Structures are given as structure tokens and as C-alpha cells.
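The values are calculated or read from the model by the stated rules, or taken from the named source; none is laboratory data. Given the structure is predicted, the values throughout are model-derived calculations rather than measurements. Reconstructed Cβ throughout: ideal geometry from the backbone, glycine too, with neighbour counts over all protein chains shown.
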Amino acid sequence: MTAQQIIITEHYDQKIVMLEQAGRVIQCWPEMRPHIGEIHIARYAQIWPAYRRAIAVLENDMQVSVRLGAGKMPQTGDKAVITITAQPFDTKKPQAVIGAELAGRFVILRQSASQTVHLRPSKKQRDGTAQMAEADAGQIDARLKQIAEQLLPVFGGVEIILRRSAGRLADLSPLVDEARYLVTQFCSAIQTGAEFQPKATRILAEKILFGGFDAAGLAQIYAPDAPVSDVPAAEADTLFTQLDNAAGTQSESPSGAIFWAETTRAGMMIDCDGAQSGLAGQKLASMLVPEIMAFLRLRNPAGRIVIDFPYMGRQDQQTITETIHHHGAEDSQIADIFGFTRSGLFELVRRHGTPPLEQWWQTG
């Protein structure tokens, strides 16, 4: 892989962090609050048991939407430890989960009551394994053991949840590098917040226990070994141009093939311009898939994404689906890929973490 670097710069007095590779911006983050990974003691203000959702209030009176677990339903006024998992998006509040945890692309570190280190696959990875033949499931178990040997010893009292994307890694070094970075941060969080596992009587007031990851910290989750450079805005013009182009509706691949992207409240629609290119459906799709997947990573939309490829046969559709899975594994927000619908449209869903590019980027 070509060497990557993390670039910190400013644009219209806004601090932004970009992950750059061979002169191309492959991902960017704005500096905004709350930081993802912030750990708070928060107070429940509203609870919706049917949806297992609650609104909680932080120490600065900010409201966040909390996903409740399967345990006992809390009461209004109760306090709990929560972790911010997503920044505000459009009219939606910041998102949070119960408990203290730090999440990366390959692993989630969660505080454990035990002083030993536990490694387990995520629910989606377990669901996939359950449908495999016994021999294949045995290979997964062997791989989990291999990963555990790479990660241990780390820090007592941490449960390591292996995300679905980690199961696709041939080389385990990216997973280990990310886990080490998160473990370092998690140790810092635990040392500064002795109330991670408090009894209810000890939670006396809303407070922040850990400051989470700023924009540079988020970039280092996905590229722990990348050097960090402060670049004056005047020297980042060519990179800013790439963000200008990504925030628009029309994109062009290096080969000259064009696709269009329109965002609605329901999701994003991408149309491949077959007439403009003059190429057959499968050839055009093969040419555009890497560009579209790179565009999604940079533009960072959340929710349903529908791609209208030119007509192609089932065998070609299967090839394109496999290619999208391959490129989708590079995305920081691992998408649920559903494939081609009966009408020939390709559908996938990306999760929300940081706001999409068009929400915060100001064009020049």
C-alpha cells in the first residue's frame, strides 16, 4: 500500500484533518464536538421503552440519543455511564451507547468486570459464522485464537470485540496496530475516570470521564502509523479542490467516465452515465466501482445508498458485487451491502459516525 499521511490544516477558520495517499484525499474529519469516544456520566431526561431509546443530558446541558441495551429499563432522572458513538447529523442529536467503550474500524474495546482480557466476535460476525459449514466455523475459531495471541497481553479488564471487517484481514498488523492505539487511549481513560463501573449511589452528578478522539485522533484510529503534518492552508489548495469536487453532484473517473450523486432525506442516489462513456454496462461498472467507493468514503453519506448501473447480466452483477465488497472493506464505516435488487439497482447502507462532507464543508 502507498504510504499515507495525516494532514492537519484550516479552511475558513475551521480545523480539518485529512488522510492523504499519493496526493489524493481518501478521508477527512472536521474538528467538532462532541468528540467520538467521549465517556460521560449522563442523566436520563426522556425514555422510549418501545424503541429502547432515551435522551440523556450531559454536564454541559447537551442532549444525546442513547441506545439502551437489553437489560432493565432505566427511569427518568437516573444517571449512567455512556459513550458518544456518532456526532450530530442534520437534525439528529449525537448518538451514544451505555457503558464505557472505544470503537475502531476492526475492534471495540469495552470495559470488563474481569481482570482478564476477553476476545469475542461481534454479533454480525457470529451470525455469518453460524451459517457456515462446521469446517469453516473451525477455521474462524482458529483465526480468533491467532488474533488473540497477537493482541495479548494488553490491558486487564478489557473485553475486545472483533468487528466484522477484521475477519477479512489477511495481514493482522493493521488490526494489532489499531488495537494498541485504542488500548493506550483506554488505559488513559480508565486512569482518569475511576467511576467507570460505579454503583448507582456513587453517580452524583453529570461529568465527563474521558475526552474522546478529536479529528486527529479519529484519523490515527484508521492510520495509526501514518505521520502527522501541519500544513498551511495556502499549501493545501489542491487537496481542498478534491473536497470541492466530492461535495458536488458530478464526479469523473480518471478514465473520463462520469457518475452523478444526489442526496435526499431518504438517502443517496448515484447514477452511472453510460451514454456519456459509450461503454458496455459491465465494463463501465468495473471502471467506476473503485471511484464510487472512494467517493463514498470521502463524501461520507449515511443511510441508504442506491447505485444505478447500466444493464448487465447476472454473472456480471455477481462480479461487480464481489468488487464492491472488496473496495468496501477499505471504508471506515463498514457498509451493509445488499447487492442488486430485482429492478437492477445496487443497494447498500452506511452507518453514521461523523457528519457527511456536504454538511460541514464550505466551498471556496
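If you take the residues of region 16-53 that are aliphatic (A, V, I, L, M) and closer than 19 Å to V64 by Cβ, which of them is nearest to the chain's Cα centre (by Cα)? Checked region 16-53; the qualifying residue nearest to the chain's Cα centre (by Cα) is I36. Of everything in region 40-70 that is of a type in the set (F, W, Y) and either in contact with a Ser or Thr (Cβ under 8 Å, 6 or more places away or on another chain) or outside any helix (DSSP H, G or I) (or both), the residue that is farthest from I84 (Cα to Cα) is W48.
The set of residues in region 233-275 being surrounded by fewer than 19 Cβ atoms within 10 Å (Cβ to Cβ), small (G, A, S) and more than 18 Å from R297 (Cβ to Cβ) consists of A233, A234, S255, G256, A266, A275.
Could you list, in sequence order, the residues of region 71-98 that are crowded, with 17+ Cβ neighbours inside 10 Å, more than 20 Å from the chain's Cα centre (by Cα) and outside any strand (DSSP E or B)? Break it down stepwise before answering.
To start, the set of residues in region 71-98 that are crowded, with 17+ Cβ neighbours inside 10 Å comprises 74, 79-89, 94-98.
Restricting the remaining residues to those that are more than 20 Å from the chain's Cα centre (by Cα) gives 74, 79-81.
Of everything in region 71-98, just one residue is crowded, with 17+ Cβ neighbours inside 10 Å, more than 20 Å from the chain's Cα centre (by Cα) and outside any strand (DSSP E or B), namely P74.
Output the residues belonging to region 323-364 that are in a helix (DSSP H, G or I), closer than 24 Å to Y311 by Cα and among the polar types (S, T, N, Q). Break it down stepwise before answering.
First, pick out the residues of region 323-364 that are in a helix (DSSP H, G or I): 323-328, 357-360.
Keeping just the survivors that are closer than 24 Å to Y311 by Cα gives 323-328.
Once the filter is applied, which keeps residues that are in a helix (DSSP H, G or I), closer than 24 Å to Y311 by Cα and among the polar types (S, T, N, Q), region 323-364 yields only T323.
Screening region 187-218 for residues that are among the aromatic types (F, W, Y) and within 22 Å of the chain's Cα centre (by Cα) and picking the one that is modelled with the highest pLDDT gives F213. Considering region 1-15, and only residues there that are part of a strand (DSSP E or B) and farther than 12 Å from D230 by Cβ, the residue that is farthest from the chain's Cα centre (by Cα) turns out to be H11. Scanning region 81-96 for residues that are over 11 Å from E38 (Cβ atoms) and out of contact with any Gly (no Cβ under 8 Å at 6 or more places or on another chain) turns up P88, F89, D90, T91, K92, K93, Q95.
If you scan region 18-39, which residues turn out to be part of a strand (DSSP E or B) and over 17 Å from A86 (Cα atoms)? Answer for region 18-39, where residues must be part of a strand (DSSP E or B) and over 17 Å from A86 (Cα atoms): M18, L19, E20, Q21, R24, V25, I26. You will find that of Q87, Q75, the residue that is closer than 30 Å to L169 by Cα and at pLDDT below 95 is Q87 and no other.
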